[in-house]
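Working notes, beginning with the structure itself.
The values are calculated or read from the model by the stated rules, or taken from the named source; none is laboratory data. Predicted, not measured: the structure shown is a model, and the values here were computed from it. Note: ideal-geometry Cβ built from the backbone for every residue, glycine included; neighbour counts use all protein chains shown. For the accessible areas, the whole protein counts, side chains as well, though only heavy atoms, and no ligand, DNA or RNA atoms are used. Shrake-Rupley method; radii C 1.70, N 1.55, O 1.52, S 1.80 Å.
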Amino acid sequence: MSYSVVEYYGENSKYQCGYCKQSSSCSSYGMWAHKLSCQDYQELIDRGWRRSGCYCYKPMMDVTCCPSYTIKCDAINFRLNKSHKKIIKRMNKFLRDGLKETSEQDAQSNIDEIATHDGSACDQEHTEVPSMQPRVLDPDLLNTLTHVNSEKRSPSADDKTSALPIPPLSGVVNTSTHTSDSSISNQPKKAKLRRIERKREKLQKKGLSGPDIEQLMQSNNRKSAEKSLEEFLSESPQDNDSPAHRLKVKQVNANDGATAATFKLYSLYQQSIHNDPASKLSMDRFKRFLVKSPLKPFQGFGTFHQQYWLDDRLIAVGVIDVLPNCVSSVYFFYDPEYKFLSLGTYGSLRELAYTRSLYKEYPSISNYYMGFYIHSCPKMRYKSNLQPSYLLCPEAYTWHLLDRTVVAKLDASKYSRLNDDPTAQDTNKATEQDVNDVLLIFGRSCMTYTQYLTVVGKELPILFEYARLVGKSCAKKMMLYRV
């Protein structure tokens, strides 16, 4: 039986914001996850929580300087835009010919890439972990608790989900986006006009007449518009095409991702993209952040590294959590030498495709979570171009399409309830009776809060806050560690 053990820290306030750089302006709630079932974490992120290693945090949305809204993309109905197609084609061309784009195209690619990684990839680096350290729990105690009070604990989806085999990555996809704003003119750009003219010239050299050329070009445009994400990705050159390069994506358990090659790549990325000094980077820090996970692998769920190998060289790594209802992007880092390939966006599209491939076997996995969306941070707004995407209401915990209506609300106020129905309530809100059923680890025993009061005779005022934040479902399933 999979179970969770957490240690609640409470409020962590007045620390520097990693987005707007204000000092003493950021606030969140935090807890340490000693063990966390995949189902429990799914429920937590659907209440605005997110993890950084084993530290879980929930922004205090109504008081923090940069409210962070949980964002997800409907992977099944995801629509490619022109920017996505261009990035995939650029990668396929590089694999086939081994040539970089022109300097003009490189410059735009780099702009896109910086926007990508100063946003989603930094969500976790921008959250301060409190100076207090988690208690080291006795491994024997954790093993003993596997079977303790199981009759009191509500069954988790982890306990009843059938095994989840991981599909091959060749058909998988990930997503990030950079579409132009709707207010921008739809006039074709000079580069596009030149491409169209070159295509006409090639067709003329083949002896085709004007009407035939226009008909053929319109037909090709329609075919291109109808292609799916998987079809665009599958156009990369195959082994029998004798390409200049071969790209292979290998998925490994997170615990197997702490290699010298991976750490070297991580260090290069952090120093080049985020200006981290080398003195701040160590294998131990890397492990705490991206290797160690509180999620316990269970029937195909858990934390994984997707390694991108160009020939025999590791050029990128995507860290993901596979959960009962989604694939959650944790972090993505790459070799700065290959920035011209827009690897962040390309990797994101591959993760999105991966989500879609899982859905074919397990229809509950239909969403791709991108961490937080911060409307007040311009570098984060690219996430709104992944459509259809939804934001989580911080009060009713309902999902709302990220459209012009929602954008208008966030333009008017950084913090918004999002749900227009004033009567809509949090359906998973913990009541006083629910608090009595919260599971606690006290000493070497697991007991309900009611039993704890009988044994200790002293109330825990912070318990209602904990139950309110994690929701009544998790409060009754997860074991809260107390001295």
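For the reader, a short list of remarks on this structure follows.
- Residue tally, condition open to solvent by 90 Å² or more (accessible area, probe 1.4 Å) and touching a residue at least 12 places away in the same chain (Cβ under 8 Å), over segment 433-456: 2
- Answer residue from segment 418-463, given it is part of a loop (DSSP other than H, G, I, E, B) and of a type in the set (Ser, Thr, Tyr) and is nearest to ASP46 (Cα to Cα) among those: THR427
- Flag if ILE374 is among the aliphatic types (A, V, I, L, M) and closer than 24 Å to ALA261 by Cα: no
- Counted residues, segment 354-383 - those being open to solvent by 50 Å² or more (accessible area, probe 1.4 Å) and over 21 Å from THR405 (Cβ atoms): 6
- Residue match in segment 48-69 (condition: polar (S, T, N, Q) and closer than 19 Å to SER366 by Cα): no
- Checking ASP239 against (1) under 30 Å from GLY18 (Cβ atoms); (2) acidic (Asp, Glu); (3) modelled with pLDDT under 70, the condition it does not meet: (1)
- One residue from ALA254, ALA316 being within 28 Å of MET31 (Cα to Cα), small (Gly, Ala, Ser), touching a helix residue (DSSP H, G or I) at 6+ places or on another chain (Cβ under 6 Å) and at pLDDT 95 or above: ALA254
- Applying the set (1) of a type in the set (Asp, Glu); (2) modelled with pLDDT of 95 or more; (3) open to solvent by 90 Å² or more (accessible area, probe 1.4 Å); (4) over 20 Å from PRO67 (Cβ atoms) to GLU459 leaves exactly one unmet item: (2).
- Any pair with Cβ under 8 angstrom, 6 or more apart, that starts in segment 399-419 at a residue that is among the β-branched types (Val, Ile, Thr) and ends at one that is not in a loop (DSSP other than H, G, I, E, B): VAL406/LEU391; VAL406/HIS400; VAL407/SER384
- Flag for TYR397 being open to solvent by 40 Å² or more (accessible area, probe 1.4 Å), under 30 Å from GLN299 (Cα atoms), aromatic (Phe, Trp, Tyr) and touching an Asp or Glu at 6+ places or on another chain (Cβ under 7 Å): yes
- Hey, SER279 farther than 23 Å from CYS73 by Cα and at pLDDT 95 or above or not: no
- Scope segment 403-417; condition assigned to a loop (DSSP other than H, G, I, E, B) and more than 14 Å from SER68 (Cα to Cα); matching residues: ASP403
- Strands (runs of 3 or more DSSP E) within segment 1-101 that include 1 or more residues open to solvent by less than 30 Å² (accessible area, probe 1.4 Å), of a type outside the set (Ser, Thr, Tyr) and farther than 25 Å from CYS326 by Cα: 5-15, 26-35
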